[in-house]
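Only the coordinates and a few stated rules stand behind these numbers; no lab work does. If you're wondering where the values come from, they're calculated on a predicted model, not measured in any experiment. Positions of Cβ are backbone-derived with ideal geometry, glycine not excepted, and every protein chain shown enters the neighbour counts.
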Amino acid sequence: MRAVTQIWKNPSDYLRANQPENPVLFFAPSVLYAQARLFVTGFPGLVTYAVKSNPQEMVIENLWMAGVTGFDVASPVEIRKVHAIAPTAKMHYNNPVRTPNEIAVAVACGVVSYSVDSATELDKLIAHVPARDTEITVRFKLPVAGAAYNFGAKFGATVEFAAQLLARVRDAGFIPSLTFHPGTQCTDPAAWQSYIEAAAQIAQKAGVRIARLNVGGGFPSHREHEIVPQLEATFALIARVTDQAFGADRPALVCEPGRGLVGDAFTLGTSVKAVRDGKHVFLNDGLYGALMECHWV
């Protein structure tokens, strides 16, 4: 991919002037900065960027400069990249499936927050990670609708099993926390309410006072069904429901936006190669380039 640093007022001007043969990805740093500030100043807790949603160095650099001090990393590649760009950043290794070698990379780079959703993965962390000042967050799932894609199909323990894992985390000497993800492009704020209330029940079942509650990503960008996200209202709901559900045992809050944080800062310009049957449009870019058989997310 060739990078062009010339500034254009909007993508349509560039496309009309150049008629590019290949797809063009446009980046608006000012839009990214504004969205980052919206999260940092509006969310009632720590904002961590889900690096996997767009791992380009310029994204990480701009978010760091905008005041995003935490990063949700899912692999050693992402860990090393964030560590090189922002050595003092807080990194949360929230991919709940890891090899011992991957764990070793995280420990060497100073990662002190991990997530789990199974007994075998918890055993790995207990064996390879020093417990002192290290947080383990138990990821759980619920049958909650409202998202374009439900990550509960892959990750998350049941409420009952999450309580068992949480008690084990405490007993092993780690800092116990909980995490969930309501699903990609979640347009129903009630999903967060259901998850937060379930988190309080899990903590109560386990007899554990959790240090933090990670309310996941799932915050939508404006392009989902042309719905303008009411992020401030969602932030307020998260704070209010957490207060009500946990009372005096209220944990600190964490979020990990990905697409909702960076999606609006990028525009992909493509060309229409052909239209068939009045309904099939062929572009010069597509999902099959990444071997992904999925519809719009």
query = Relative to the longest principal Cα axis of the chain, at what angle does helix 190-206 sit, 0 to 90 degrees, rounded to 10?
reply = 20
ask   = Where does each of SER12, SER118 land when they are ranked from fewest to most other beta-carbon atoms within 10 angstrom?
value = SER12, SER118
request  = Within 10 Å of each residue's Cβ, count the other Cβ atoms and sort HIS280, HIS128 from fewest upward.
outcome  = HIS280, HIS128
request  = Would you mind checking LYS52/LYS81; LYS124/LYS154; LYS90/LYS141; LYS52/LYS90; LYS141/LYS205 for any pair whose Cα atoms are more than 22 angstrom apart?
outcome  = LYS90/LYS141
query = When N is the residue count of the chain, what does its C-alpha Rg come to as a fraction of 2.2 N^0.38 Å?
reply = 1.06
query = Hey, fewest Cβ within 10 Å first, where do TRP8, TRP192 land in order?
reply = TRP8, TRP192
request  = Using only alpha carbon pairs under 8 Å that are at least six residues apart, calculate the relative contact order of the chain and give it in whole percent.
outcome  = 20
query = Pairing the Cα long axis of helix 231-246 with the longest principal axis of the chain, what angle in degrees results, from 0 to 90 and rounded to the nearest 10?
reply = 10
note = Summing -39500 (n - 2.57) over every DSSP H run of at least 4 residues in the chain and dividing by its residue count gives a helix-only mean residue ellipticity at 222 nm, to the nearest 500 deg cm²/dmol, of -11000 deg cm²/dmol
request  = Within the chain, what's the longest run with no GluC sites (Glu not before Pro) in a DSSP loop and at most 12 other beta-carbon atoms within 10 Å? Give the range, please.
outcome  = 22-292
